[in-house]
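Right, one structure below, let's go through it.
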Amino acid sequence: MRGTALLSILAIWWLVPTAESHELVKPPKALRVLIITGDHGHAWRETTPFLKDLLTKAGHQVDVTETPRKDLTAENLAKYDVLVLNYRNTPKGAKENPESVWSEENKQAFAQAVRNGKGLVVYHHASAAFVGDSDWDREFEKIIAGGWRRQGYHGKMHVFVVTVRKEHPITRGIKEFTHGRDELYQNSVIPPGVEILATAYSDKNKDPKNTGLHEPMIWVGHYGKGRVYHNVLGHDVEAMKSSRQFQILFIRGVEWAATGEAYYPAD
């Protein structure tokens, strides 16, 4: 009996990553991921396949909806562990793809899913979705833990250094890295209670429009029981390919939002 108990303890110890080890175990199951897109204002038809491939190669099961009006229902969202927003509502997108427009029922199903514990990942331009003065716009800002909103902007695209500011399951083993040519978002809304995981210096020498401040690039928060991972890096596929650390942090952000832990190893 004592031997069985000892084996159980050792088995648990083996599965828990230590502070000294960056080789994390795989998730107990492949996560079910839904990428929500169909409108964006950026090249979502190019970035979506890249994100799907990145997460699939990490061992997860990924579906994509380009028709959120049809697929953002309580029944469908219940199938997934985590939702990835590669979406921003635009007039052009609504005209080209009417099924990308969220109905009131879609909005409520989405909010309820996250509130009840569904993981949420906010990727780049999704930080600027649903900006306005309606009750939904204000609630959406709470759901995604702030972001670009009305006052956000960026200077010229350029190469910059991303610095990890907080030890966290997502950042474990990563300290600082050079990120390729990308948009450096600045002046984002950072609500009380969020944890800023990584920043980048907005250098005025690169563009006088820049703030001269260390701007948040990655942060985490909660909406009800739901974990929210917000990453404003990755304007295009070139930017996402430019640093392996971006890819690791993105995969881990998806895992953390779904489970509260990050499993993907640092290279």
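With 0.36 nm allotted per residue and the present C-alpha distance subtracted, the Ala94-Asp137 stretch has 13.8 nm of extension available.
Of the residues Val220, Val237, Val82, the one that moves most in a GNM of the chain with alpha-carbon contacts below 10 Å is Val237. Note on the stretch 137-252: lysine pairs with Cα distance below 24 Å, sequence gap of 8 or more or different chains, count 13.
Taking θ as phi - 60° and the Karplus parameters 6.51, -1.76 and 1.60, the scalar couplings of the stretch 197-202 work out to 9, 8, 10, 9, 7, 8 Hz in sequence order, x denoting glycine and proline.
When the charge dipole of the chain is built from unit charges on Cβ atoms (+1 for Lys and Arg, -1 for Asp and Glu) and taken about the Cα centre, the candidate among Thr56, Gly117, Thr171 whose Cα reaches farthest toward its positive end is Thr171. Comparing Asn97, Asn210, Asn106 in a Gaussian network model of the chain (Cα springs below 10 Å), the most mobile by mean-square fluctuation is Asn97.
Exposed loop trypsin sites (Lys or Arg not before Pro) only (DSSP loop, at most 15 other Cβ atoms within 10 Å): please give the longest stretch of the chain free of them, not including the sites. It would help to have the intermediate numbers written out before the result.
Values: sites that count: Lys29, Lys79, Arg150, Lys156, Lys166, Lys175, Lys204, Lys209, Lys225.
Formally, the longest exposed-site-free interval is 80-149.
Only alpha carbons enter this Debye calculation for the chain, each as an equal point scatterer, and the log10 of I(q)/I(0) it gives at q = 0.09, 0.15 Å⁻¹ is -0.40, -1.08.
Projecting the Cα positions of Leu83, Tyr229, His40 onto the charge dipole of the chain (unit charges on Cβ atoms of Lys, Arg, Asp and Glu, taken about the Cα centre) puts Tyr229 furthest along the positive direction.
The alpha-carbon of Lys29 sits under 18 angstrom from the alpha-carbons of these lysines, leaving out residues fewer than 8 places away in its chain: Lys52, Lys57, Lys79, Lys118.
As a proxy for reagent exposure, ranking Tyr201, Tyr185 by other Cβ atoms within 10 Å from fewest up yields Tyr201, Tyr185. Here the Karplus relation 6.51 cos²θ - 1.76 cosθ + 1.60, evaluated at θ = phi - 60°, turns the backbone of the stretch 81-88 into coupling constants of 8, 8, 10, 10, 8, 10, 8, 8 Hz, with x for every Gly and Pro. Under 5 Å between amide hydrogens, built in the peptide plane, is the criterion, and for Phe160 it picks out His179 among residues at least 5 positions away or on other chains. Beta bridges per DSSP, both residues in the chain: antiparallel share near 55 percent. Cα centroid distance between the stretch 236-265 and the stretch 73-150, in Å? Using only Cα atoms to place each centre, the spacing works out to 20 Å.
Read-outs throughout are calculated quantities, based only on the coordinates presented, and are distinct from any laboratory measurement. Note that the structure is a prediction, hence the values are computed from the model and not measured. Backbone-built Cβ (ideal geometry, glycine too); neighbour counts: all protein chains shown.
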